[in-house]
Amino acid sequence: MPIQEVKKIWMNNKIIDWKDAKIHVLTHALHYGSAVFEGIRCYNTIKGPAIFRVKEHIQRLHNSGKIYMIEIPYGVDELIKATKELIRANGLNECYIRPIAYRGYGEMGLNPLNAPVDVAIALWPWGTYLGEEGLKNGIRAKISSFQRISPNIMPPNAKATGQYINSILSKIEALKSGYDEAILLDVRGFISEGPGENLFVVKDGIVYTPPEYASILPGITRDSVIKILKDMNYEVKETDITRGFLYLADEAFFTGTAAEITPIREIDDREIGNPGIITKKVQERFFDIVKGREKKYEGWMDFV
Ligand code: PPE
C-alpha cells in the first residue's frame, strides 16, 4: 500500500522533516531484522483524536525489546508523550502509528550487542488493511503451506521485524493463489493466526480463538475483542482449533490494529458466514468504542 506522506517524523528524541528521516545502508537492522516495532491507531473520536490502548502497545514494544535485548532508551510514558506531540505536529486527527526501535549503524556481524539502538516514530493516514470491501463483506483466506514461527525458532510473542519475513512468505503465497489473506498453522498443526492478524471463529453461538501457546502474537485488538464479547455475554474459548473445525465454522474474522475487525467469508474455498451476525455485532461495537461513542470503554482511549 503506497504510504501517504505527512510532514514530520520523530527520530531519536527530535521531531524532523519527513524527508530527512533516513538511515545508513549498513544499519544493522536492515541486514539482520534486529528491530522491534508496533502498530497503533489514533481515531478521531467525538471528543477529539485519541490513541487506542497506547500504553499496552508501547509496553509490548518494551517487552519485544527485552526478548531481543534491544534496550530502548525511552520509557513508556516518554514514548506516549512523543507520539502525541508528533500527532499534533502533523495536524492529524486519525492515523496509523509505527514506533520502531532498531539496531543502528556502527557494527556488522551477528553480535548485535555493541550496535547502537535508535528509536523512531512515524505516522500517516492508513485506511483499512484488507480493503473497504473486505471490511464490509469479508475476505477470502487460504491456509498457508508456510508454518507460523514456533517458540524455539523465534518467540512469537515478540513483534520483531525479522519475524515478519515468515508472514511475508505466507502473504505472497495467498495473493499469488488468488486469495486475500493467509492463515498459518502452528508447529503442531493447529490454527495459529494470519500474517498480521489474530483469528476468531464462531460455531453454534460460541466464539473460539487460538490460545497464546498456538504461537500467536498476543494481539491488543484480540484482547479487546475477548473483553467486548464477554461483556456482550458471549462465551469465548481460547482453545486449539483444527483446520476441519474452521471449514465448518458459522463465522470467522481477523482482528488487528491495521485490519481492525475484518470478516472472513471463505477459507480454502469453503463458504463460512456472510459476514455472520456475531462478527457484525462485535465489529459495530468496536467502531463505536474507538470513535468514543461507548463511555464504558473510554479508558481504552488516550486523548491527544
Ligand atoms: N498477529 C500478528 C503477527 C501481527 O503482526 C498483528 C499486528 C496481530 C496479530 C494483531 O495484533 P494487535 O495489532 O495488537 O491487535 N499487526 C500489525 C502490523 C501490520 C502490518 O502489516 O504492518 C498491525 O496490525 O498494526
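A few comments on the model shown:
- Residue in the range 156-167 that is in a strand (DSSP E or B) and outside the structural domain of residue 38 (by TED's automatic domain parsing) present: yes
- Residues of the range 152-175 that are surrounded by fewer than 18 Cβ atoms within 10 Å (Cβ to Cβ) and in contact with an Asp or Glu (Cβ under 9 Å, 6 or more places away or on another chain): 157, 175.
- Among all positions in the range 113-135, there is at least one residue which is open to solvent by less than 40 Å² (accessible area, probe 1.4 Å) and touching a Gly at 6+ places or on another chain (Cβ under 6 Å).
- When residues of the range 80-115 are limited to those that are touching a Phe, Trp or Tyr at 6+ places or on another chain (Cβ under 8 Å) and charged (D, E, K, R), the one farthest from the ligand (Cβ to nearest atom): 85
- Some residue of the range 272-280 being out of contact with any helix residue (DSSP H, G or I) (no Cβ under 9 Å at 6 or more places or on another chain), at negative phi, modelled with pLDDT of 95 or more and within 15 Å of the ligand (Cβ to nearest atom): no
- Taken together, the residues in the range 246-274 that are open to solvent by 20 Å² or more (accessible area, probe 1.4 Å) and under 22 Å from residue 219 (Cα atoms) amount to 2.
- Candidates in the range 138-151 are the residues that are away from the ligand (no atom under 11 Å from the Cβ) and crowded, with 20+ Cβ neighbours inside 10 Å; of these, the one that is farthest from residue 103 (Cα to Cα) is 138.
The values are calculated or read from the model by the stated rules, or taken from the named source; none is laboratory data. Model, not experiment: these values are computed from the prediction. Neighbour counts are summed over all protein chains in view; Cβ atoms, including those assigned to glycine, are modelled from backbone coordinates with ideal geometry. Only protein heavy atoms, including side chains, enter the accessible area calculation; ligands, DNA and RNA are left aside. Shrake-Rupley method; radii C 1.70, N 1.55, O 1.52, S 1.80 Å.
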